[in-house]
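Reading through the C-alpha cells given below for one structure.
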Amino acid sequence: MKKSALQAARAAYQPKLPIVLQSAVKIVEGEPTHSVADQDEIKHLFPNTYGLPQITFEKNTAPAAGKPVNVGVILSGGQAPGGHNVISGLFDGIKKIHRDSRLFGFVMGPGGLVDHNYIELTAPIIDEYRNTGGFDIIGSGRTKLEKKEQFDKGLEIIKELGIKAIVIIGGDDSNTNAAVLAEYYKEIGADVQVIGCPKTIDGDLKNECIETSFGFDTATKVYSEVIGNIQRDCNSAKKYWHFIKLMGRSASHIALECALQTQPNVCIISEEVEAKNLSLQDVVNNIADTVARRAQDGNNFGIVLIPEGLIEFIPAMKNLIAELNDMLARNAKQFAALDAAAQREFVLKNLSKENADVFASLPEGVARQLTLDRDPHGNVQVSLIETEKLLSEMVGKRLAKMKEEGRFNGKFSALHHFFGYEGRCADPSNFDADYCYALGYNAACLINAGVTGYMSTVRNLSKPVVQWQPGGIPITMMMNMERRNDQLKPVIQKALVRLDGAPFLKFASKRDQWAVETCYMYPGPIQYFGPTEVCDQPSMTLRYEHQGK
Ligand code: FBP
C-alpha cells in the first residue's frame, strides 16, 4: 500500500519501552484485592477470579526461557488511537518469549471469536500497522460476550488453534466481558487465560492503578487542535457563537481536557450539572448569561463546549432515560412493530406521569432520539442526540426574552459542530504510541506469568517512559453491581470527572475569566517529531492528577 510521507516516517518510529520491560521480568505479588463495591455479590459471581493480588513486574537478572505461546487478540468497542500498537507490542512480547509464538486476530470484535472468524497476524502484517491509528488491522465490534454458548463456541476455535490466552482490548463493558470469560474458562478448567487492556477515548476507564485509558491523549489533542482553529476563526470574524459537542458517552473527561487545553468561554461538565441538580433550563440560562455579558463588551462571539453525555446527567432526564431503558427493554418487540407516531404515544402511555411530562416537554426530535436503539450493552446512543442544537435553540429563545426585558442588547448567531469520530483513528501521539506498545508488551508478560482475569497496567505515566511501572490488576477489583437492561449486573465502575479532582479545580478557578475575556489557547496539531516539550507531553488531566507524585 502506498504511504504518505508522514506514514512512512511514522512507520519507522520505535516506541519507547519502560526499563523494566527491556529485559526479563519477575513478578511481585501485592495484597489480595477487593471489588470497589458490592464485595459479597461480586465474590459470589466470580468465585475463581475474585480477590487475586495486584501484580507489579520488576527487572529480573536471569533471562526467562519460555516455550512458544499462541495468543488470540480482540479489538472491542469504539476505535481509539493506539490499538495497533497494543497489538504490535503484544506480538513483539510473545516473540520475545519464543520466536515460534503465534498471534491470531479475531475479526470485527468479540463476534469473531464466536464465529471463528480470524486471521494470523504475521510480522509483515504487523509491520504495516505499527504506530498507525484505527482498528482496521482486524476491525472492531460491539458484540457482547455474555452467554455460555458464546464462550463454548469460542473455546472450540481456541482449542483448534492451540491458543493459551485471549487478550481483549476494550473499554469498561468489554473488560467486564473479559472478566466473565476468564471466570468461566477457569471454572470449567479450560486452561485459557484472559487478559484485558484499557482502551477508550472517553477516559472513563481509570482508577488508582489505571492512570488513563489509551486513546484519550490523542483524541483530545485532535479535538483541541480543531477547537483552537475554530477559536481563531471566531476571534477573527467576531460574529458567531460555536456550540461544540464532544464525544465521551458518559463522563466529561474529554470536554474538561479540551477546555484546559483551549480555554473556551463556556464548558459544561455533566458531573457538575448533576451534583448541583441543575435543570436543562438552568444550563441554558447560564450560557445565555455569558452571551449577554460578553455582548456588553461588544463581543458577540464565543465558544461553548458540550460533553456528549450531558443529557443523561440532568437529573430529570436521567430519571426519564432510566425508566425508558427498562420500559423499552421489557417491551422491545411490541415497540419495534410500531410506527414513529405510535411509538411516541406508546412511550407517553407507559411512562410514569413525572417522566411522561419531561418526555412531552422535549423537542420531538430529541425525544425520539432517546427512544432509538440501545447499543448491545444497553446504553442510549448519546452520540446521536443533537444536544448542541437543542442548547443553542433554547439559548436563542432565552436571549430573545432577555432582549424584550432589556437585559440583552447584542446579536446571537450560532454554529454547530460535533467532534468525535475524527479523533478516534488519528495516528497515536508519541504518548499513546509508547503507552499502547507497553500495554501490549506487558500483556505478553502477564500471559507468561500464567495469570487470568487481569488487566494490563502501566503506571507512573507522568514520568519519562523509562520510569513507567508495568504490572496487572484483577478486573474484579474494579467492579460493582449496576442496573442494565432491567437487571442487576456486575460491571466495571465508570470513572466520572471528580469535582474535587485537580483537573476540574483548575478549570473551575479559571472559567469565570475565560467566560468574559477572550483567553483562547491554540494548541496546534499533534507533533510527532521535535522537542520533547512539544511532542511527548501527556494530557493535562494526567499531569494535574499526578502532579507531585
Ligand atoms: P468505547 O467506550 O467503546 O471506547 O467507545 C466510546 C465512544 O467513542 C463514545 O465516545 C461514543 O459515544 C461511542 O463510542 C460511539 O459509538 P459508535 O462507535 O458505536 O458510534
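The values are calculated or read from the model by the stated rules, or taken from the named source; none is laboratory data. Just so you know, these numbers come straight off a predicted model, no measurement behind them. Neighbour counts run over all protein chains shown; Cβ positions are idealised from the backbone, glycine included.
Applying a threshold of 8 Å to beta carbon distances and a minimum spacing of six or more residues, or different chains, the list of pairs starting in the stretch 203-214 at a residue that is among the hydroxyl-bearing types (S, T, Y) and ending at one that is part of a loop (DSSP other than H, G, I, E, B) and more than 10 Å from the ligand (Cβ to nearest atom) reads T212/K206; T212/L461; T212/P538; T212/S539; S213/K206.
I'd like to know if the stretch 341-356 contains one or more residues that are basic (K, R) and touching an Asp or Glu at 6+ places or on another chain (Cβ under 7 Å). Please lay out each step first, then the result.
Our first condition is that a residue be basic (K, R); within the stretch 341-356, this holds for 344, 349, 353.
From the residues that got through so far, the ones that are touching an Asp or Glu at 6+ places or on another chain (Cβ under 7 Å) too are none.
For the stretch 341-356, residues basic (K, R) and touching an Asp or Glu at 6+ places or on another chain (Cβ under 7 Å): absent.
Take the residues in the stretch 8-47 that are among the β-branched types (V, I, T) and not in a helix (DSSP H, G or I); name whichever of them is surrounded by the fewest Cβ atoms within 10 Å (Cβ to Cβ).
First pass over the stretch 8-47, keeping only residues among the β-branched types (V, I, T): 19-20, 25, 27-28, 33, 36, 42.
If we keep only those that are not in a helix (DSSP H, G or I) as well, we get 25, 27-28, 33, 36.
Details: V25: 21, I27: 18, V28: 12, T33: 17, V36: 15.
The selected residue is V28.
Name the single residue that is nearest to the ligand (Cβ to nearest atom) among those in the stretch 208-218 being farther than 10 Å from M455 by Cβ and surrounded by fewer than 24 Cβ atoms within 10 Å (Cβ to Cβ). Working first, answer last.
So in the stretch 208-218, the residues farther than 10 Å from M455 by Cβ come out as 208, 211-218.
From the residues that got through so far, the ones that are surrounded by fewer than 24 Cβ atoms within 10 Å (Cβ to Cβ) too are 208, 211.
Numbers: E208: 21, E211: 17 Å.
By that ranking, first place goes to E211.
Right, I119: over 30 Å from M247 (Cβ atoms) and either within 16 Å of the ligand (Cβ to nearest atom) or of a type in the set (A, V, I, L, M, F, W, C) (or both) or not?
Values: over 30 Å from M247 (Cβ atoms): no; either within 16 Å of the ligand (Cβ to nearest atom) or of a type in the set (A, V, I, L, M, F, W, C) (or both): yes.
No.
Residue-by-condition table, conditions (1) closer than 30 Å to T262 by Cβ; (2) out of contact with any strand residue (DSSP E or B) (no Cβ under 8 Å at 6 or more places or on another chain); (3) assigned to a strand (DSSP E or B); (4) not β-branched (V, I, T):
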site: Q150; (1), (2), (3), (4): no, yes, no, yes
site: L155; (1), (2), (3), (4): no, yes, no, yes
site: I158; (1), (2), (3), (4): no, no, no, no
site: I201; (1), (2), (3), (4): yes, yes, no, no
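Based on this model, can you work out whether N60 counts as out of contact with any helix residue (DSSP H, G or I) (no Cβ under 8 Å at 6 or more places or on another chain), among the polar types (S, T, N, Q) and either more than 16 Å from the ligand (Cβ to nearest atom) or in contact (Cβ under 8 Å) with a residue 24 or more places away in the chain (or both)? Spell out the reasoning first.
Numbers: out of contact with any helix residue (DSSP H, G or I) (no Cβ under 8 Å at 6 or more places or on another chain): yes; among the polar types (S, T, N, Q): yes; either more than 16 Å from the ligand (Cβ to nearest atom) or in contact (Cβ under 8 Å) with a residue 24 or more places away in the chain (or both): yes.
It is true that N60 is out of contact with any helix residue (DSSP H, G or I) (no Cβ under 8 Å at 6 or more places or on another chain), among the polar types (S, T, N, Q) and either more than 16 Å from the ligand (Cβ to nearest atom) or in contact (Cβ under 8 Å) with a residue 24 or more places away in the chain (or both).
Yes/no matrix, rows are residues, columns are (1) touching a residue at least 40 places away in the same chain (Cβ under 8 Å); (2) surrounded by 17 or more Cβ atoms within 10 Å (Cβ to Cβ); (3) closer than 22 Å to A251 by Cβ; (4) more than 16 Å from the ligand (Cβ to nearest atom):
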site	(1), (2), (3), (4)
Q263	yes, yes, yes, yes
L278	no, yes, yes, yes
D282	no, no, yes, yes
L310	yes, yes, yes, no
E354	no, no, no, yes
V358	yes, yes, no, yes
G365	no, no, no, yes
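Pairing each residue of the stretch 163-189 that is touching a residue at least 12 places away in the same chain (Cβ under 8 Å) and of a type in the set (S, T, N, Q) with any residue that is assigned to a helix (DSSP H, G or I) and within 16 Å of the ligand (Cβ to nearest atom), provided the two are 6+ apart or on different chains, yields C-beta distances under 7 Å for N175/I475.
The residue of the stretch 169-183 that is nearest to H253 (Cα to Cα), among those that are within 10 Å of the ligand (Cβ to nearest atom) and among the small types (G, A, S), is G171. Looking only at the stretch 367-396, residues that are modelled with pLDDT under 90, within 16 Å of the ligand (Cβ to nearest atom) and of a type outside the set (G, A, S) come to 15 in all. Scan the stretch 415-435 and tell me whether some residue there is away from the ligand (no atom under 16 Å from the Cβ), closer than 28 Å to V304 by Cβ and without any contact (Cβ under 8 Å) to a residue 60 or more places away in the chain. For the stretch 415-435, residues away from the ligand (no atom under 16 Å from the Cβ), closer than 28 Å to V304 by Cβ and without any contact (Cβ under 8 Å) to a residue 60 or more places away in the chain: absent. Among the residues making up the stretch 269-285, those that are assigned to a helix (DSSP H, G or I) and aliphatic (A, V, I, L, M) are V273, A275, L280, V283, V284.
Out of the residues in the stretch 71-106 meeting the condition of being part of a loop (DSSP other than H, G, I, E, B) and crowded, with 20+ Cβ neighbours inside 10 Å, tell me which one is farthest from the ligand (Cβ to nearest atom).
To start, the set of residues in the stretch 71-106 that are part of a loop (DSSP other than H, G, I, E, B) comprises 77-82, 98-101.
Among the residues that remain, those that are also crowded, with 20+ Cβ neighbours inside 10 Å are: 77-82, 101.
Details: G77: 3, G78: 3, Q79: 7, A80: 6, P81: 11, G82: 12, S101: 28 Å.
By that ranking, first place goes to S101.
Filtering I321, I306, I244 for residues that are of a type in the set (V, I, T) and in a helix (DSSP H, G or I) leaves a single hit, I321. Checked against the criterion of being in a loop (DSSP other than H, G, I, E, B), more than 19 Å from A443 (Cβ to Cβ) and either modelled with pLDDT of 95 or more or not basic (K, R) (or both), the stretch 213-224 contains not a single residue that satisfies it. Flag set for N448, criterion: of a type in the set (S, T, N, Q), more than 25 Å from the chain's Cα centre (by Cα) and more than 16 Å from the ligand (Cβ to nearest atom). Only one of the numbered conditions (1) within 11 Å of the ligand (Cβ to nearest atom); (2) crowded, with 23+ Cβ neighbours inside 10 Å is not met by S250, and that is (2). Note on the stretch 517-549: residues that are farther than 30 Å from G82 by Cα and buried (at least 16 other Cβ atoms within 10 Å of the Cβ) amount to 1.
Of all residues being of a type in the set (A, V, I, L, M) and away from the ligand (no atom under 16 Å from the Cβ) in the stretch 184-201, which is surrounded by the most Cβ atoms within 10 Å (Cβ to Cβ)? Just the residue, please. Before the answer, list the steps.
If we filter the stretch 184-201 for residues that are of a type in the set (A, V, I, L, M), which is where we start, we get 188, 190, 192, 194-195, 201.
So of that shortlist, the ones also away from the ligand (no atom under 16 Å from the Cβ) come out as 188, 190, 192, 194-195.
Working: I188: 14, A190: 17, V192: 22, V194: 28, I195: 30.
For the stretch 184-201, the residue satisfying everything is I195.
Selection within the stretch 55-70: residues that are modelled with pLDDT under 95 and among the hydrophobic types (A, V, I, L, M, F, W, C). The member of this set that is surrounded by the most Cβ atoms within 10 Å (Cβ to Cβ) is A64. Selection within the stretch 107-135: residues that are assigned to a loop (DSSP other than H, G, I, E, B) and among the hydrophobic types (A, V, I, L, M, F, W, C). The member of this set that is nearest to G66 (Cα to Cα) is L121.
Looking at this structure, is D512 among the acidic types (D, E) and either in a loop (DSSP other than H, G, I, E, B) or in contact (Cβ under 8 Å) with a residue 60 or more places away in the chain (or both)? No, not satisfied.
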